[in-house]
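Enquirer: Quick one: structure below, then a few questions.
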Amino acid sequence: MYIAYFYSDSGFTTISHRMFYDCTSLTSIIIPDSVTTIGSRSFGNCTSLTSIVIPDSITTIGFGVFCECESLTSIVIPDSITTIGDEVFYGCTSLASIVIPNSVTRIGNLVFQGCRSLTSIVIPDSITTISNQAFFNCTSLTSIMIPDSVKTIGDRVFYNCTSLTSIVIPDSIMTIGVAVFHNCISLPLVTSAAKCLTWVNMQQIYSANMSAIHEVDEISGLPVFVLAAVGPTSDIEAVYNLLREYPPVISGLIRDSHPDTSTGSARKRSG
């Protein structure tokens, strides 16, 4: 077992790039207040690291600082931190708890990818962007609430979050990336919405062979292609609830991509 400690009066200000990378026997570290910068991948692949204290002197957690620290179970990020960089907790498979302070404005790419023990997380209302693949393959994540401050959800953010059963998405969202909820098998309504978006993106391919692309269902008022994307076993009420609960931006995308839906011929969905 190894513990790293820096004397606070040493004048040490920077933990360099990959300084402790692959120190697989390092279990604990205390960083003094004199340190202002932690270099990229400083503690990457420290597979025995279970605890770390980050001082208030740090403002940015850079690229991959704690990536693949497989024994790290929890961490408290101080209020001084404004940016959590890309891949910071990538592959921290034991990370079950983390507190993100209101000082953070951006969650970087792949930050929690592969954090298979993370069950829930609270995103503070200071966050404006959840970047690509932030929670990719977080297979134990069951719920998440996205605050009104968030404007952008990147690509594949919740990809393969197979245990996700609850998510709150505010009307403030202006941009949703591709495959955001792919294989979220415990979240059927959102999965169906993602399928609808896929159909929107593939409009040019399918419109040539699908005469109903601009038709509107009489009961729900939805484009017929939406019903087809959801699947033959879904009823109209479920689809209606889906679109009602999902952000208006999706309805806008569908409407903009299919301008004829407002004037298309109305019909009831057969059988």
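Enquirer: Give segment 66-83 a look and list any residue that's polar (S, T, N, Q) and either under 18 Å from the mean Cα position of the chain (by Cα) or in a loop (DSSP other than H, G, I, E, B) (or both), or say none.
Expert: Across segment 66-83, the qualifying residues are Ser71, Thr73, Ser80, Thr82, Thr83.
Enquirer: Just checking, which of Ser143, Ser131 is out of contact with any Gly (no Cβ under 7 Å at 6 or more places or on another chain) and in the same structural domain as Gly64 (by TED's automatic domain parsing)?
Expert: Answer to the check: Ser143.
Enquirer: Can you give me the number of residues within segment 101-122 that are among the β-branched types (Val, Ile, Thr), in a loop (DSSP other than H, G, I, E, B) and within 10 Å of the chain's Cα centre (by Cα)?
Expert: Number satisfying all stated conditions: 1.
Enquirer: Go through (1) surrounded by fewer than 17 Cβ atoms within 10 Å (Cβ to Cβ); (2) in a strand (DSSP E or B); (3) not polar (S, T, N, Q) for Ile98 and report which single condition fails.
Expert: Result: Ile98 passes all but (1).
Enquirer: Just to verify a result, which residue in segment 22-65, among those that are among the charged types (D, E, K, R) and either within 23 Å of Gly11 (Cα to Cα) or in contact with a helix residue (DSSP H, G or I) (Cβ under 6 Å, 6 or more places away or on another chain) (or both), is modelled with the highest pLDDT?
Expert: Arg41
Enquirer: Also, quick follow-up: Identify all residues within segment 151-166 that are on the phi < 0 side of the Ramachandran plot and either among the basic types (Lys, Arg) or surrounded by fewer than 19 Cβ atoms within 10 Å (Cβ to Cβ) (or both); write none if there are none.
Expert: Those that are on the phi < 0 side of the Ramachandran plot and either among the basic types (Lys, Arg) or surrounded by fewer than 19 Cβ atoms within 10 Å (Cβ to Cβ) (or both): Lys151, Thr152, Asp155, Thr162, Ser163, Thr165, Ser166.
Enquirer: Right, here's the next one. Among the candidates Asp22, Asp56, Asp86, which residue alone is without any contact (Cβ under 8 Å) to a residue 60 or more places away in the chain, assigned by TED's automatic domain parsing to the domain that holds Gly154, closer than 21 Å to Ile144 by Cα and in a loop (DSSP other than H, G, I, E, B)?
Expert: Exactly one residue qualifies, and that residue is Asp86.
The values are calculated or read from the model by the stated rules, or taken from the named source; none is laboratory data. Every value quoted in this text rests on a predicted model; they were computed, and no experiment measured them. Ideal geometry is used to build each Cβ from the backbone, glycine not excepted, and the neighbour counts take in all protein chains shown.
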